[in-house]
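Nothing in this text is a laboratory measurement; each read-out follows from the coordinates by a stated rule. These numbers come from a predicted model, not from an experiment. Note: ideal-geometry Cβ built from the backbone for every residue, glycine included; neighbour counts use all protein chains shown.
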Amino acid sequence: MAQEFVKAQLKGDKVVLFIKPTCPYCITAKDVLSKYKFRPGHLECIDISTRQDMRSMQDYFLQLTGARTVPRVFIGEECIGGGSDVANLHKSGKLEGMLQSIGALQ
C-alpha cells in the first residue's frame, strides 16, 4: 500500500516532499523551495508522520532512493535527496534549472 501511494504521488511535472513536520531537515527543504514561484499544483508536501504505513513507506524510500530518512524530495520522478541536498542545489544555482526543466515554475 505504501509503495502504491508513493508511486501515485510522483509525476513528471511536480515536486513532492515527503516530510515529518518537526524534522529540521524537512523544514530546511520547505524553506528553500518556498523561495521559488511554483505553478499551482506543482509543489506538494506530504506529512508521513500521521500515516499508519509510515514505516513501510520509509522502507520503500530506502529501496527506491538508498535512504529511508525524510525529507525525501522528488523532482518529477527522480529523488534528489533530502534537506541538505536541496539547500546545496539551491546554493549552486542548479535547483532552479531542475525545476524549470519539468515546467513546475511560473
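Go through segment 89-101 and give me each residue that's surrounded by 15 or more Cβ atoms within 10 Å (Cβ to Cβ) and either without any contact (Cβ under 8 Å) to a residue 40 or more places away in the chain or under 18 Å from Leu64 (Cβ atoms) (or both). Working first, answer last.
Just the residues of segment 89-101 that are surrounded by 15 or more Cβ atoms within 10 Å (Cβ to Cβ), to begin with: 89-90, 95, 98-99.
Once the filter is applied, which keeps residues that are surrounded by 15 or more Cβ atoms within 10 Å (Cβ to Cβ) and either without any contact (Cβ under 8 Å) to a residue 40 or more places away in the chain or under 18 Å from Leu64 (Cβ atoms) (or both), segment 89-101 yields Leu89, Met98.
Of Val86, Val70, which residue is touching a residue at least 24 places away in the same chain (Cβ under 8 Å), crowded, with 21+ Cβ neighbours inside 10 Å and in contact with a Lys or Arg (Cβ under 7 Å, 6 or more places away or on another chain)?
The match here is Val70.
For segment 48-63, enumerate the residues that are over 14 Å from Tyr25 (Cβ atoms) and surrounded by fewer than 17 Cβ atoms within 10 Å (Cβ to Cβ).
Correct list: Thr50, Arg51, Gln52, Asp53, Met54, Arg55, Ser56, Asp59, Leu62, Gln63.
Taking segment 3-35, which residues are of a type in the set (Val, Ile, Thr) and not in a loop (DSSP other than H, G, I, E, B)?
Listed by number, the residues that qualify are Val6, Val15, Val16, Ile19, Ile27, Thr28, Val32.
Restricted to segment 24-37, and to residues that are surrounded by fewer than 17 Cβ atoms within 10 Å (Cβ to Cβ) and out of contact with any helix residue (DSSP H, G or I) (no Cβ under 8 Å at 6 or more places or on another chain), which residue is farthest from Val86 (Cα to Cα)?
Lys37
Tell me which residues, restricted to segment 72-106, are farther than 16 Å from Phe38 by Cβ and not basic (Lys, Arg).
If the condition is that a residue be farther than 16 Å from Phe38 by Cβ and not basic (Lys, Arg), then Glu77, Glu78, Cys79, Gly81, Gly82, Gly83, Ser84, Asp85, Ala87, Asn88, Ser92, Gly93 are the ones that fit.
Any chance you could count how many residues in segment 6-23 are touching a Lys or Arg at 6+ places or on another chain (Cβ under 8 Å) and more than 15 Å from Gly81 (Cα to Cα)?
Residues in segment 6-23 being touching a Lys or Arg at 6+ places or on another chain (Cβ under 8 Å) and more than 15 Å from Gly81 (Cα to Cα): 0 in total.
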